[in-house]
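Written below as structure tokens is the structure these notes are about.
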Amino acid sequence: MTVQTAKTIYLDNNATTRVADEAVQAMLPYFGEKYGNPSSMHVFGGAVSRDVAKAREEVARFINASPEEIIFTSCATESDNTALRGTASFHGKDLRIITTAVEHPAVLQCVRRLKAEGHDVRTIGVDNLGRLDLDALKEALSGAKKALVSVMWANNETGTIFPVDEVAAICKEHGAIFHTDAVQVAGKLPVDVQKTPVDMLAMSGHKFHAPKGIGILYVRKGTKTRPFMLGGHQESGRRAGTENVPYIMALAEACRLAREGMAAETVRLAAMRDKLEAGLMAACPDTLVNGDREHRLSNTLNLSFKYIEGEAIAYHLSDLGICVSTGSACASGSLEPSHVIRAMGVPFTAVHGSVRFSLSRYNTMEDIDYVLAEMPPVIKMLRDLSPFGPDNDPTTFK
Ligand SMILES: *Cc1c(COP(=O)(O)O)cnc(C)c1O
């Protein structure tokens, strides 16, 4: 029987976030009196065009880029596709493409297609903490005429932060083009494309309190790539299609909020996350932390509750009004365990019991206290039902 609760404790912010009230306010005029097309010649469109230019400056400032280096897209999936396919299209089949085993499907599926189309593709693995093998990256780069490296800044499932500064330096040494999927770091870590010399970078509005349906692609001046969307001359000919003006306005506001709030917010999020981690680890034996605790996003906690199914945990938590995810949201609906957790070589009995908690500016310490009170009994109940346990562990069967 499904129990209805009034409470919703939303801990799935790496999947999507609530749009900030300030961002909603910022976009409303552009559905109403300011509905002009920025490409129009008349003053009505011209005013909107100037507002879009200001928004572009705010977005550029967020990552310390120039406004001309910012392309607005429909989502980060489009940004990743444009970066990878646009670069592959420009350089042709000689381009070697190097990525990691733990990327988001927006990168993985794109790279898989490029491989089918004849590109030499190399995939870098991670260790059991989810850390990138930089020697394997250097090896993959050696001997390539021209290479494109796509390494995410932080992982959406475990929160593990990759050493993008080192990756960028290695790419520079080898003359390789470096794209990073930085979706999960927006608003969580400072991003400065002058300090971290990436060539291309993707972000998504809905992962940091702007609406769904707006993305950012940063392309460093001089980077050779071809547009993915052909048509009009919008975005200086790099992405055709009439600008999504209301969402661009909301995105700029989300960038401003993230930039101004980030320092205090990351400390607040880490305190909540650490309390959640310590509390659950103490209350639930046979639980593992997935990911690199030393280099982890302040808002993310991924735990494996051994001997039980993550789906069953999420289902019971949902009845209590607690929203979490298992694997990635995109993989939910299939019972395939997460490719990220599997790539880390997590033992079989723990892979299936993985649950991700991801926090945002709308969470409070009361949310954490509620989870700490309600969740351990759910884990105990599921463990009591499970045929497996420390004394009956299928990974140790002879
Ligand atoms: C959510 C996400 C994406 C896809 O973003 P959309 O804007 O939903 O297309 C890409 N990469 C990572 C790491 C993500 O978390």
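The values are calculated or read from the model by the stated rules, or taken from the named source; none is laboratory data. Nothing here was measured: the structure is a model prediction, and the numbers come from that model. Glycine also receives a Cβ, built like all others from the backbone with ideal geometry; neighbour counts cover every protein chain displayed. When the accessible area is computed, the model is the full protein with side chains, heavy atoms only, and any ligands, DNA or RNA have been set aside. Shrake-Rupley method; radii C 1.70, N 1.55, O 1.52, S 1.80 Å.
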* Inspect segment 219-236 for any residue being under 29 Å from Ala176 (Cα atoms) and under 20 Å from the mean Cα position of the chain (by Cα) and give the result as yes or no. => yes
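Conditions tested, residue by residue: (1) within 20 Å of Asn156 (Cα to Cα); (2) out of contact with any strand residue (DSSP E or B) (no Cβ under 9 Å at 6 or more places or on another chain); (3) modelled with pLDDT of 95 or more.
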site: Asp292; (1), (2), (3): yes, no, yes
site: Leu297; (1), (2), (3): yes, no, yes
site: Leu301; (1), (2), (3): yes, no, yes
site: Ser318; (1), (2), (3): no, yes, yes
site: Gly321; (1), (2), (3): no, no, yes
site: Ser328; (1), (2), (3): yes, no, no
* **Residue satisfying condition, being modelled with pLDDT of 95 or more, open to solvent by 20 Å² or more (accessible area, probe 1.4 Å) and closer than 29 Å to Ile214 by Cβ, within set Arg61, Arg96, Arg122** => Arg61
* **Condition met for Asn37 (closer than 23 Å to Ile170 by Cβ, outside any helix (DSSP H, G or I) and open to solvent by 40 Å² or more (accessible area, probe 1.4 Å))** => no
* Give me the pairs: first residue in segment 181-201 and open to solvent by less than 10 Å² (accessible area, probe 1.4 Å), second residue among the basic types (Lys, Arg) and within 15 Å of the ligand (Cβ to nearest atom), beta-carbon distance under 7 Å, and six or more apart or on different chains, which are they? -> Gln184/Lys207; Ala186/Lys207
* Asked: For Phe228, are the conditions met, namely being touching a helix residue (DSSP H, G or I) at 6+ places or on another chain (Cβ under 9 Å), assigned by TED's automatic domain parsing to the domain that holds Ser49, at pLDDT below 95 and within 16 Å of the ligand (Cβ to nearest atom)?
  -> yes
* **Test: Pro29 is more than 19 Å from Val183 (Cα to Cα) and open to solvent by 30 Å² or more (accessible area, probe 1.4 Å)** => yes
* **Single residue of segment 61-88 satisfying the filter (under 28 Å from Leu137 (Cα atoms) and hydroxyl-bearing (Ser, Thr, Tyr)) that is farthest from the ligand (Cβ to nearest atom)** => Thr87
* To do: Check segment 195-202 and report whether any residue there is under 30 Å from Glu374 (Cβ atoms), touching a helix residue (DSSP H, G or I) at 6+ places or on another chain (Cβ under 9 Å) and outside any helix (DSSP H, G or I).
  => no
* Asked: Could you say whether any residue in segment 26-39 is of a type in the set (A, V, I, L, M) and either touching a helix residue (DSSP H, G or I) at 6+ places or on another chain (Cβ under 7 Å) or within 16 Å of the ligand (Cβ to nearest atom) (or both)?
  -> yes
* To do: May I ask you to verify whether Arg239 is outside the structural domain of Leu317 (by TED's automatic domain parsing), part of a loop (DSSP other than H, G, I, E, B) and open to solvent by 30 Å² or more (accessible area, probe 1.4 Å)?
  => yes
* Asked: Does segment 270-282 contain at least one residue that is open to solvent by less than 10 Å² (accessible area, probe 1.4 Å) and not in a helix (DSSP H, G or I)?
  -> no
